[in-house]
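A.B. asks: Sharing a structure here in structure tokens format.
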């Protein structure tokens, strides 16, 4: 089961890493208050990505549902990050979009199986 989810697991791991980096970098921005929603979504996204990795790794029957939720949170995080011009926000948004795409693909694949 783990190999079936390999691409999605890797995308989730990269997304979590990008979100953690973005949140930390946002805390160093001159106007941290302006970044509050971004930081909050980065943290939520990183957490759901790591949880989704755990569910996929163990082949949980709930992995498909979690992949759908993860995709939705990744999309929301990406949309927020895209509002800012900093490199860390751009990189985070790209990682989130890729993760959302992989999670949706996995959710559909698992549903078809």
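Read the figures in this text as sums done on the coordinates, not as results from a lab. Bear in mind that the values here come from a model prediction, so they are computed numbers and not experimental data. Every residue, glycine as well, gets a Cβ built from its backbone with ideal geometry; the counts of neighbours run over all protein chains shown.
A.B. asks: Looking at the chain as a GNM with Cα springs under 10 Å, which of 74, 89, 49 has the largest mean-square fluctuation?
C.D. replies: Sorting by GNM fluctuation, first place goes to 89.
A.B. asks: Could you order the peptides 27-38, 7-18 from most to least packed, using the average number of other C-beta atoms within 10 Å per residue?
C.D. replies: Working: 27-38: 12.8, 7-18: 21.7.
The packing order, highest mean first, is 7-18, 27-38.
A.B. asks: By count of other Cβ within 10 Å, fewest leading, how are 5, 62 ordered? All intermediate terms of the calculation are to be shown ahead of the outcome.
C.D. replies: On the way: 5 22, 62 11.
Ordered from fewest to most neighbouring Cβ atoms within 10 Å, 5, 62 come out as 62, 5.
A.B. asks: Once you sort the root eigenvalues of the Cα gyration tensor of the range 1-53 as a ≥ b ≥ c, which label holds: rounded (a/c under 1.5), prolate (a/b larger than b/c) or oblate (the other case)? Don't skip to the answer; put the middle values down first.
C.D. replies: Working: a/c = 5.08, a/b = 3.07, b/c = 1.65.
It comes out prolate by the Cα gyration axes.
A.B. asks: Between the helical axis of 63-81 and the dominant principal axis of the chain, each derived from Cα atoms, what acute angle in degrees is found, rounded to the nearest 10?
C.D. replies: Roughly 20 degrees, rounded to the nearest 10.
A.B. asks: Next question. If one takes the longest principal axis of the Cα atoms in the chain, at what angle in degrees, from 0 to 90 and to the nearest 10, does the Cα axis of helix 6-26 lie?
C.D. replies: That helix lies at roughly 20 degrees to the long axis.
A.B. asks: Starting from the Cα gyration tensor of the chain, take the square roots of the eigenvalues, sort them a ≥ b ≥ c, and report rounded, prolate or oblate (rounded when a/c is under 1.5, otherwise prolate if a/b is larger than b/c, else oblate).
C.D. replies: On the way: a/c = 2.61, a/b = 2.40, b/c = 1.09.
Cα axes put the chain in the prolate bin.
A.B. asks: Cut-off 10 angstrom, C-alpha nodes, Gaussian network model of the chain. Which of 72, 42, 87 fluctuates the most?
C.D. replies: Result: 87 has the largest fluctuation of those listed.
A.B. asks: To continue, here is another question. Which angle between 0 and 90 degrees, to the nearest 10, do you get for helix 87-112 versus the longest principal axis of the chain when only C-alpha atoms count?
C.D. replies: That helix lies at roughly 20 degrees to the long axis.
A.B. asks: When a/c is below 1.5 the answer is rounded, else prolate if a/b is larger than b/c, else oblate, so apply that to the range 71-113 with a ≥ b ≥ c taken from the square roots of the Cα gyration tensor eigenvalues.
C.D. replies: Details: a/c = 5.94, a/b = 3.06, b/c = 1.94.
Prolate is the answer for the range 71-113, as a/c is 1.5 or above and a/b outweighs b/c.
A.B. asks: Got the relative contact order for the chain handy, in percent, Cα pairs under 8 Å and 6 or more residues apart?
C.D. replies: Details: 148 pairs, mean separation 37.8, N = 113.
Computed value for the chain: 33 percent relative contact order.
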